[in-house]
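The values are calculated or read from the model by the stated rules, or taken from the named source; none is laboratory data. The structure presented is a predicted model; accordingly, all values stated were derived computationally and were not measured. Using ideal geometry, Cβ is built from the backbone for each residue, glycine included, and neighbour counts are taken over all protein chains shown.
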Amino acid sequence: MHELAICQSLIDQVEAIAHERQAESVVSITIGLGALSGVEPQLLKHAYPVASAGTVARDAELMIDELPTRIRCNACETESDVPPNKLVCPACGEWRTTLISGDELLLMSVELQTAENRGGDAPPTS
Amino acid sequence: MCNTCGCNITPGNEELIRPGGKLAKTESGNEAVTVLHSLLHENDHTASHNREHFDSHNVLAINLMSSPGAGKTALLEASIKQLDPKLRIAVIEGDLETENDAERIRKHGVKAIQIATGSACHLDAHMIHDALHNLDLSEYDVVFIENVGNLVCPASFDLGQHQNVALLSVPEGDDKPAKYPVMFRSADLVMISKTDLLPYLDDFKTERTRRYLQDIASTAPIIELSSKSGEGMSDWADWVAQQAAERRSYLEAHPVASEHKHHTHEHEHQHTHSHAHSS
């Protein structure tokens, strides 16, 4: 299981963004995952509390967008959603296809609470 | 995928991030920051650095991946005898524990560095980077990286290699590409190993493996090989020699910038990466 290692890498990036924006806390994190990324959404969710403990992101909600496995056929150019182990064109049966979505492993966005949007005092600069 | 030109925006995620999409603002008025970085941004950065380091010394790096026991070390031992003798080779071994595999390689007079990953189920770019501090690349033409035996995790981590090779041994069954599509999709070459066992394991059909590889749109060449009998070893040796030659021609046409050429690898790395992975 490599999800904990990936989750720690995620937290490192989120902490850097929160620091740069002088955020008080991280409200939510949205990531995009394709089935061919090799990362299991449930395992990532289980790893999150461990990886985020003691960080500015400890109370953040982890939102995972599971993205479709989508191919474009090199022969008939049809685009189709397919299972991750059957990347064959459902329209014409051609196996030479191009993956256009499904291997993403992306930090898409971070929602931050800052003193400004909370309406309070600015945090001390470091 | 890079993180600057937007090529990581795919039809699968563009609706989420275009203006007015659901990530553009939050209902509660909090600040929403669009990032679009790979979750493995730091690993990928180090992997690129490793690749530049290999390139600056005209070294081809090949990452071998398979289940435990598929015959990666046996293949390397056989390769030492069979590969073009003009190719000077070194091996980086990844295992959870022991120096056993490195010792097997060293017995043949070949330099081997063992990485003991502890509980980590894969090699990552930082571990390779550390290993490169102990390897003078100017003495080698090909570096083989033998990844931790595992058909899942190693596929997600770029190490800085030029080519990925996945081994599937006959006793494992012919449907592994259907069960582990991420691993087999990442392979530039697939080897069906231990073919000397085919007469005893007649439910393994190499044609079925080929079909499962087509199902995941793999265009990788397939070599049927037995390190024991020697079947397929010349195809493997030819493939390695061809990759090394192609890499050399590529680097002649695209020389590495001079700051990397004189890069001693004794420099500013301050890694905070910890290896507290779960197994």
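Does B:SER67 satisfy the condition of being within 26 Å of A:LEU44 (Cα to Cα), modelled with pLDDT of 90 or more and within 14 Å of chain A (Cβ to nearest Cβ)?
Spelling it out, it is not the case that B:SER67 is within 26 Å of A:LEU44 (Cα to Cα), modelled with pLDDT of 90 or more and within 14 Å of chain A (Cβ to nearest Cβ).
Going by the conditions given, is B:LEU151 within 14 Å of chain A (Cβ to nearest Cβ) and touching a Pro at 6+ places or on another chain (Cβ under 8 Å)?
Considered against the rule, which asks whether it is within 14 Å of chain A (Cβ to nearest Cβ) and touching a Pro at 6+ places or on another chain (Cβ under 8 Å), B:LEU151 comes out as no.
Can you tell me which of A:LEU62, A:LEU33, A:LEU87 is part of a strand (DSSP E or B) and either within 30 Å of B:ARG211 (Cβ to Cβ) or in contact with a Leu (Cβ under 6 Å, 6 or more places away or on another chain) (or both)?
Of A:LEU62, A:LEU33, A:LEU87, the one residue that is part of a strand (DSSP E or B) and either within 30 Å of B:ARG211 (Cβ to Cβ) or in contact with a Leu (Cβ under 6 Å, 6 or more places away or on another chain) (or both) is A:LEU33.
Residues that are facing chain B (nearest Cβ under 9 Å), farther than 30 Å from B:THR219 by Cβ and part of a strand (DSSP E or B): does region A:96-104 have at least one?
Looking through region A:96-104, none of the residues is facing chain B (nearest Cβ under 9 Å), farther than 30 Å from B:THR219 by Cβ and part of a strand (DSSP E or B).
I need the full set of residues from region B:196-229 which are assigned to a loop (DSSP other than H, G, I, E, B), of a type outside the set (A, V, I, L, M) and within 14 Å of chain A (Cβ to nearest Cβ), in order please. Lay out the reasoning, then the answer.
First pass over region B:196-229, keeping only residues assigned to a loop (DSSP other than H, G, I, E, B): B:198-205, B:216-221, B:225-229.
This time we only want the ones that are of a type outside the set (A, V, I, L, M), so: B:199-200, B:202-205, B:218-219, B:221, B:226-229.
Once the filter is applied, which keeps residues that are assigned to a loop (DSSP other than H, G, I, E, B), of a type outside the set (A, V, I, L, M) and within 14 Å of chain A (Cβ to nearest Cβ), region B:196-229 yields B:SER218, B:THR219.
Can you tell me which condition B:ILE145 does not meet? The list is (1) closer than 25 Å to A:VAL82 by Cβ; (2) buried (at least 22 other Cβ atoms within 10 Å of the Cβ), and all the others hold.
That leaves (1) as the condition not met.
Write out, first by first residue and then by second, each pair whose Cβ atoms fall under 9 Å of each other, whose residues are 6+ apart or on separate chains, and whose first residue, in region B:133-148, is closer than 12 Å to B:LEU123 by Cβ while the second is part of a strand (DSSP E or B) and among the charged types (D, E, K, R).
Note: pairs meeting the criteria are B:ILE145/B:GLU93; B:GLU146/B:GLU93; B:GLU146/B:ASP95; B:VAL148/B:ASP95.
Please find, among A:VAL56, A:VAL14, A:VAL26, A:VAL50, the residue that is more than 23 Å from B:ASN43 (Cα to Cα) and either surrounded by fewer than 20 Cβ atoms within 10 Å (Cβ to Cβ) or more than 8 Å from chain B (Cβ to nearest Cβ) (or both).
None of the others qualify; the one that does is A:VAL26.
Please state which one of B:LYS107, B:LYS111, B:LYS86, B:LYS72 is of a type in the set (Lys, Arg) and surrounded by 19 or more Cβ atoms within 10 Å (Cβ to Cβ).
Residue meeting the stated conditions: B:LYS72.
Among B:ASP84, B:ASP158, which is the only one that is modelled with pLDDT of 95 or more and closer than 26 Å to B:ALA245 by Cβ? Steps first, please.
Values: B:ASP84 fails: modelled with pLDDT of 95 or more.
Matching residue, one of B:ASP84, B:ASP158: B:ASP158.
Would you call B:ALA245 more than 15 Å from the chain's Cα centre (by Cα) and away from chain A (no Cβ under 14 Å)?
yes
Please state which of the following conditions A:ARG96 fails to meet, knowing it meets all the rest: (1) touching a residue at least 12 places away in the same chain (Cβ under 8 Å); (2) surrounded by 13 or more Cβ atoms within 10 Å (Cβ to Cβ); (3) within 30 Å of A:LEU4 (Cβ to Cβ).
All conditions pass for A:ARG96, except number (3).
Of all residues in region A:2-11, which are at the interface with chain B (Cβ under 7 Å from one of its Cβ atoms) and in contact with a His (Cβ under 8 Å, 6 or more places away or on another chain)?
Correct list: A:HIS2, A:LEU4, A:ALA5, A:SER9.
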